[in-house]
Amino acid sequence: MKASRFYIFLVSFLAIVSLKAQVRLDVASQVNEGRKFQLTLVINDANSSAPSRIDIPNCRMIYGGAQSTSISATIDNGNVRRQETKKISYTFLAEKASTVTIPAITVQLSGGKTAQTQPRKLTILPADQHVSGSDRTSPYDSMDDGARVSPESYFSANDMFVRIVIDKSTVYEQEPVIATVKLYSRMSMSAKFQMLTQPTFEGFLSEELNVASPQSTETYDGKTYNTYIVKRCVLYPQKAGTLKVTSGTYEITLEDLVTFSSGLLLPDQRIVQKTVQTPDKTATLKVLPLPEPRPATFDGAVGSFNATASLSSTSLRTNDPVTYTVKITGTGNIKYLKTPTLNIPAGIDQYTPKTDIDAQYSGGDITGTYTATYTLVPQEVGDFQIPPLHFTYFNPQTKEYKTIDLSGYNVKVAKGSGVSDHETVTKQMTDILHIHPVKMPLTHRVSYVYHQSWYWALYIIATLAFVVAIFVYRRRIRLNADVRGRRLARAMRVAMKRFKAARTMMAENKPDKFHAEINKALTGYLSDKLGIPASQLVRENIATQLADYGLDQQATDNIIAILDECEMARFTPDAHPDLQGLYNKVVDAVKSIENVKKQG
Amino acid sequence: MKRHILYIIFALLATVSINAQSLAQKADSAYSKEDYRLAIKLYHQAIDTDGVSPEIYYNLGNAYYRISNIGRAMLCYQRALNIDPSYADARTNLEFVKTKILDRPEDDSSFLGNLHERIIASCSPNAWAWIALALFLALLGCVALYIFSNNIKARKTGFFGGICLLFVTIYCSVVAFQSSSPASRGKMAVITIPTANLRTEPGSESNDKSRVIPLHEGTLLEITDSITMPGESSKWYNVKINNSTSAWINSLDIELI
């Protein structure tokens, strides 16, 4: 009982077992021999009851059944959720170092139901060597006596310190190491701490990592500590030798819940606080130089890598960009890899490569992918070779350089769109074209056809010829029009004269002459009127021409009949035809033609 | 007696032509033997005594380029192209030599302007003259078709064909005129000294405020004005560098094309 005390590990891992989310057992998984520890049952039911006594092997129950009830209400979307939680605490004294099992505890819930916790393992560690020391005993002794203690006397310097931990002791240049700055405390630490001086990493490229859960418990030097990771960095040594890293100094407020047995029935609990400043700690790292000779293709990659190269297409077109991708995956200084130089042949333009690094810290290593993307634009048609690429890295495990050969590509560039041949020729031209033999004769005044007078004379001649042609044509038209007009005009007059003569013949009773006269009068009139030459005055022609002229079928037939009659009379002189009737018919026929004209 | 005079005339003509051939041919062979300075001298003699041709200027330009006189090379190519805008090899060499010039004047030519230049360069000046004449005759043919034909289709063809041909004929005549008249294409000059200082005001004595624009050998300039400064023997030319900038340059620094 003398050293009976317990720690409430506010920041320690409290093991949690939930049983239908109703009963939970809160207890530390590790305790020290001779220390007090607390076991708490958390029940989501205010009207429950737990056994007043729990038996744990190698442990003695000091006090049991301290109850506290809390009610919490949450309002979610207007619904009030009310939760009542009952906590029942038991205090034990760990008596002997061993691993024991906390038996299942049965809890009586309201409504006659029961709930049971899962059995749990509890490790009782041997008592700390330092605990039995004199500096620690006195304050706790006095505490047992119920006396007031000052924080200064309560906390010891060994309860709180800082460490800087490097995961490797010997590395090669550029080989990444992980450095962790950790605060160690026997007490609970308030999360508030102040960094007074920064950690220093001289001779390193450092890169801070995110720490997901900075708090944990750790056994160091035989004692259990609460730890807090202040900083975790990846360090890339930049030079060989023994390099030092420092942790920096920190100011932390420690606090502890101390239970005083003041003789009353309930123990008196009080929070004791102290602000501590930690001294600067140093760690050293031996950095080995990379072994000589270094391969020519080595460019600073240290680790274990794998590399692949790919070309988006091997059948290319001019002015059509393609991408050449180098992908390096592995563990090591992936973030500080240099972009491999690609020796692209002339005729293909290369743009500044794009690099993409995706590296993560996992399992104490930096693992990831380094991608370099080269954009190539072929400018000329032909066969080209993208030369093989050699990626060399140093493997610190095997202490050897290793080269990965990335295959080259033979590409065929076809003509694409967008570039004219002329431009290509200009680009390819490296010298002027050769001279031409001077053609004779030379002249002091260069003469052009355009400036020759005979050239313009040709224009004038052509124009004149054209004008003359128009003039001649116009004249012919006019003449033609005159002939037709005259003939038209005189047709009737001539016909009338003939008719007069015919009448005379009729009076003199000369029928053959009369017929001849009538025939002449009609054919002459038709010839003039229709513009038919005398040679073409045949029956069929006259009939069609008259029809074209617009004369109706009846009148046409009449005229043809008259012509036929005249013809007949000339060959049969003995007959005595009706001369007056024929004469009238002819006059009617001529009149009918004249009428057509008037209508037209 | 008459016959004798004729012989003498023929003999004289023959000597002249032999002489001319030998000068230009000597220059060509000097060029082939890579004696470019002699070639330049001979070409100049040939030009002075016998006259010019596009080829002789082209060859002279090549010779100047060989002795790294880019300004004069540009000048000679420009002169060759002035005589015959369709001289493709001269244009090719001109474009090539242009890439060696220090100054790169901004390309301020318009699409239509470029097209027009290319059309001019597509045929020789005489070919353009004949094309213009042929088009004129075709135009007359169309008019004749319209006037003389009785067929309505032929008359329509003649009418609309004539209107189209009228514009084409006018354009081709303009092209024929421009390609046959170097003067119509603007007065151009080429800088023949390594670095010429252009000033915003004429006169070498002008104050320091007149901004000095340095331009280098081979740059083509368009001359817009000239002035003779009192007390100076050389003239000053106002030149257009591009569409927005013009400045004054001493006539000693440039050579007119």
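The values are calculated or read from the model by the stated rules, or taken from the named source; none is laboratory data. Quick caveat, the model's predicted, so the values are computed rather than measured. Cβ: placed from backbone, ideal geometry, glycine included. Neighbour counts: every protein chain shown.
Miscellaneous remarks
- Residue in region A:387-406 that is free of Cβ contacts under 8 Å to residues at least 60 places away in the same chain and in contact with a Lys or Arg (Cβ under 7 Å, 6 or more places away or on another chain) present: no
- Of residues in region A:402-452 being at pLDDT below 75 and at the interface with chain B (Cβ under 7 Å from one of its Cβ atoms), the one surrounded by the fewest Cβ atoms within 10 Å (Cβ to Cβ): A:MET440
- Within region B:49-71, considering residues that are outside any loop (DSSP other than H, G, I, E, B), more than 9 Å from chain A (Cβ to nearest Cβ) and at pLDDT below 90, the one nearest to B:ASP253 (Cα to Cα): B:GLY71
- Condition check for B:SER184 on (1) farther than 30 Å from B:TYR65 by Cβ; (2) within 31 Å of the chain's Cα centre (by Cα); (3) small (Gly, Ala, Ser): one failure, at (1).
- Test result for A:GLY531, among the small types (Gly, Ala, Ser), more than 14 Å from chain B (Cβ to nearest Cβ) and in contact with a helix residue (DSSP H, G or I) (Cβ under 7 Å, 6 or more places away or on another chain): yes
- Qualifying residue in region B:183-202 (condition: within 14 Å of chain A (Cβ to nearest Cβ), in contact (Cβ under 8 Å) with a residue 24 or more places away in the chain, closer than 30 Å to B:ILE119 by Cβ and outside any loop (DSSP other than H, G, I, E, B)): yes
- Candidates B:VAL143, B:VAL174, filtered to the one that is crowded, with 16+ Cβ neighbours inside 10 Å and free of Cβ contacts under 8 Å to residues at least 24 places away in the same chain: B:VAL143
- Residue satisfying condition, being more than 30 Å from A:ALA481 (Cβ to Cβ) and more than 60 Å from the chain's Cα centre (by Cα), within set A:ASP552, A:ASP512, A:ASP548, A:ASP528: A:ASP512
- Answer from B:LEU42, B:LEU75 - the residue that is surrounded by 22 or more Cβ atoms within 10 Å (Cβ to Cβ), more than 11 Å from chain A (Cβ to nearest Cβ), assigned to a helix (DSSP H, G or I) and in contact (Cβ under 8 Å) with a residue 12 or more places away in the chain: B:LEU75
- Hits in region A:540-557 (condition: within 27 Å of A:ASP512 (Cβ to Cβ) and either small (Gly, Ala, Ser) or surrounded by fewer than 17 Cβ atoms within 10 Å (Cβ to Cβ) (or both)): A:GLU540, A:ASN541, A:ALA543, A:ALA555, A:ASP557
- Search result, residues across region A:457-468 that are closer than 16 Å to B:ALA138 by Cα and more than 7 Å from chain B (Cβ to nearest Cβ): A:ILE460, A:ILE461, A:THR463, A:LEU464, A:ALA465, A:VAL467
- All positions within region B:83-102 that are surrounded by 14 or more Cβ atoms within 10 Å (Cβ to Cβ) and away from chain A (no Cβ under 12 Å): B:SER86, B:ILE101
- Among the residues making up region A:330-349, those that are crowded, with 16+ Cβ neighbours inside 10 Å and not in a loop (DSSP other than H, G, I, E, B) are A:GLY330, A:THR331, A:GLY332, A:ILE334, A:LYS335, A:TYR336, A:ILE348.
- Candidates B:ALA144, B:ALA129 - the one that is assigned to a helix (DSSP H, G or I), under 30 Å from A:LEU464 (Cα atoms), within 12 Å of another protein chain (Cβ to nearest Cβ) and under 18 Å from the mean Cα position of the chain (by Cα): B:ALA129
- Of the residues contained in region B:215-233, none is found to be part of a helix (DSSP H, G or I) and in contact (Cβ under 8 Å) with a residue 12 or more places away in the chain.
- Test: residue in region A:282-291 that is in contact with a Pro (Cβ under 6 Å, 6 or more places away or on another chain), modelled with pLDDT of 80 or more and closer than 26 Å to A:GLU173 by Cα: yes
- For region A:43-61, a residue qualifies if it is surrounded by 14 or more Cβ atoms within 10 Å (Cβ to Cβ) and under 17 Å from A:GLU95 (Cα atoms), and the qualifying residues are A:ILE54, A:ILE56, A:PRO57, A:ASN58, A:CYS59, A:ARG60, A:MET61.
- Strands (runs of 3 or more DSSP E) contained in region A:156-248 and holding at least 3 residues of a type in the set (Val, Ile, Thr) and at pLDDT 80 or above: A:160-166, A:177-185, A:223-237, A:241-246
- The listed residue being free of Cβ contacts under 8 Å to residues at least 40 places away in the same chain, assigned to a helix (DSSP H, G or I) and in contact with a Ser or Thr (Cβ under 6 Å, 6 or more places away or on another chain), out of B:PHE136, B:PHE167, B:PHE160: B:PHE136
- Boolean, A:ILE518 is within 11 Å of another protein chain (Cβ to nearest Cβ), more than 30 Å from B:ASN82 (Cβ to Cβ) and more than 60 Å from the chain's Cα centre (by Cα): no
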